[in-house]
Each structure stands twice: as structure tokens, then as C-alpha cells.
1. Hey, fewest Cβ within 10 Å first, where do 133, 3 land in order?
2. Write down the percent of antiparallel bridges among all DSSP beta bridges whose residues are both part of segment 9-301, to the nearest 5.
3. Sort 70, 119 so that the residue with the fewest other Cβ atoms within 10 Å of its own Cβ comes first and the one with the most comes last.
4. Over segment 9-301, how many percent of alpha carbon pairs lie in each 5 Å bin up to the one with the longest distance?
5. For residue 43, what charge total do you get from the other residues with a beta carbon under 9 Å from its beta carbon, if Lys and Arg give +1 and Asp and Glu give -1?
6. In what order do 183, 243, 2, 192 fall by count of nearby beta-carbon atoms within 10 Å, going from fewest to most?
7. If contacts are Cα pairs under 8 angstrom and at least 6 residues apart, what is the relative contact order of segment 9-301 in percent?
Amino acid sequence: MSFNGESTTEDVLKGIRLDGRHAIVTGATGGLGIETARALASVGASVTVTGRTAEKIDAALATLRTELPDAQFDGEELELASQASIAEATKRIVEKGLSIDLLLNNAGVMMCPEGQTQDGFETQFGTNHLGHFAWTAGLLQALAPGARVVTLSSGAHAFGTCDVDDLNWKTREYDPRLAYAHSKTANLWFGSELQRRHGDRLLSLSVHPGVIQTDLSRHVPEALLDVMRESLVERGVQMKNVSQGAATSVWGATSESLSDHGGAYLADCQVAEPISAENAAGGYAQWAYDTENAERLWAESERLTGVSFG
């Protein structure tokens, strides 16, 4: 069955069962994350949701358990802007003996003011990329054979590549929009490089969810949001609801048709094609599959975080 940008999580899961499989979704206390968790649990998966605080996790679990009282959920506190929090969370999960079939790296921050993570990394790069890099490394031993790792990138990667020579914006004037693009290109490169290095034991994919109004845009000034909305209208980009936005992640995590597409960038429930006049929003930029810089980014990520995939 062929899907598109209007497909929902319910559409892409028709005929699929995930009984006996375990999924972990980062940033699952709201927005795309909680819908991704709900959708996977609705077809039988047990799901661990992560969030920054126990209060947010408890609220999300209450919502999920009310809608799906027979599903199995649990929660883990995780602050992706803290390498210590990541190490503690991955240690707890591994020690539980969980076998992870689906790892969805969904959490992130967008166009926030200039700042640093607890470890001194630029906030967007440190959270969106380095956080998930260390998180995935810490959970590698717990991934089941053939597990899928789905990492959220964004069509915003096309606004600018990832400068491996200045990952933490030390030599450039900080630009929140370009810093977001920089981090989302890093997410895309991580997805493809993870496949090249560990494709014998997992399937790695990256995803553009589409344009959805969620709490992710909380740092964007209203005037800039208005300009962005006008630009989207001019380019013919359609806003998605949350179920449509989460659909590509869920499709990436479950579709058998993607078995031979490891490392691919997905958009609108399709394997994305290069950006063109007809595909301005859902396509990928010319640097998306830059293997040389993806390798450099991987090495720098190991150096900066001090973690290794072994």
C-alpha cells in the first residue's frame, strides 16, 4: 500500500501487530512523541516513554493508559542536554534486561536562543544530535537483533549543512535557524552512518515528520512564525495534524518495505527523493548523504561525548 503526507498513524499500521515487541520513544510526553507511543501501543507493543521530568512522564502515562487501558507503558526520566542524565538512564534500562525492538529518537529543541547544554555544547546540536548519539550508544547492547532505530531529522536540514569544523558555533555568529538546520543535518548523517557501521545488526532510518504546530516551536518569536507560515503557503506546503506528523516515524519503525533501505531519509511516508521544484519541502539537500562528513561527525561526536559504539 502506498502512503503520502496525508496518511495517519492509523493508516500506516493497518494490518500490523507488534505483540511481544518493545519500543522506546524519546520526548514522548507530548506532541509527536506521545502520538508515536500511543500508535505503537495500539497494535500491541509495550512502550517506554521518556521525558525531562517525572511530572511530565506521569501526566503522559495517565493520558496513554486512559486511552489504552490494556496496553503496557512505563517511563524513564531523560534529559538529552545532560550526558550524565543519558548515562544514568541508559544504565537503568540496560540493567532491567529489556530487549529493545524499536528505538525512536524523537525528542528535540528548535530555534532556541543561544545557549549551552550542561556539558557546554551548543544547545540545539548538543541536545538534538549529541544527546541522541550518546543515548543510542548506551542502548546498543540492549537492541534486539534486527532492531530499528528511527531518528527525527527535519526538512529544515536543507537550510544549511552541518559544519564539522565548528560544531558548537565557536567561530560563527549564532543563528538559531541555521543552528537548527545544522543539528538536523547531523541527525540525518547519524542515521546513515549508524547504518553503515552497524547495519549487520539493526536498521537505521531518519525522518522528516512534516510541518506540525507543536510545542517544539515555543522558542520561535511569533513574528518569525508568521513569516515561516507565509513561506510555507507560497511553497505549497501543507500543515499536518499530529497523527499525520507521527505517521512517517511509525511507518519507518514498522514497514517491511523498508528492509532494504537502511540509512534512508524518509518524508511523507516515502523514501525521500532529492529536492526539486516539484518536491521542495519533502526532498533532501545535496549534502544529505555526504559520507565523508558523516564519518567526520561520528568521530567528533565520540570525542566530544566520550562515548563509543564499540
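1. Result, fewest neighbours first: 3, 133.
2. Antiparallel bridges: around 10 percent, rounded to the nearest 5.
3. 70, 119
4. Calculated P(r), rounded to whole percents: 1, 6, 13, 18, 21, 18, 13, 7, 3, 1, 0.
5. Net charge in that neighbourhood comes out at 0.
6. With the sparsest Cβ surroundings first, the list reads 2, 243, 192, 183.
7. 19 percent
Each value in this text was obtained by applying a stated rule to the coordinates, not by laboratory testing. Note that the structure is a prediction, hence the values are computed from the model and not measured. Cβ atoms come from the backbone with ideal geometry, glycine included; neighbour counts cover every protein chain shown.
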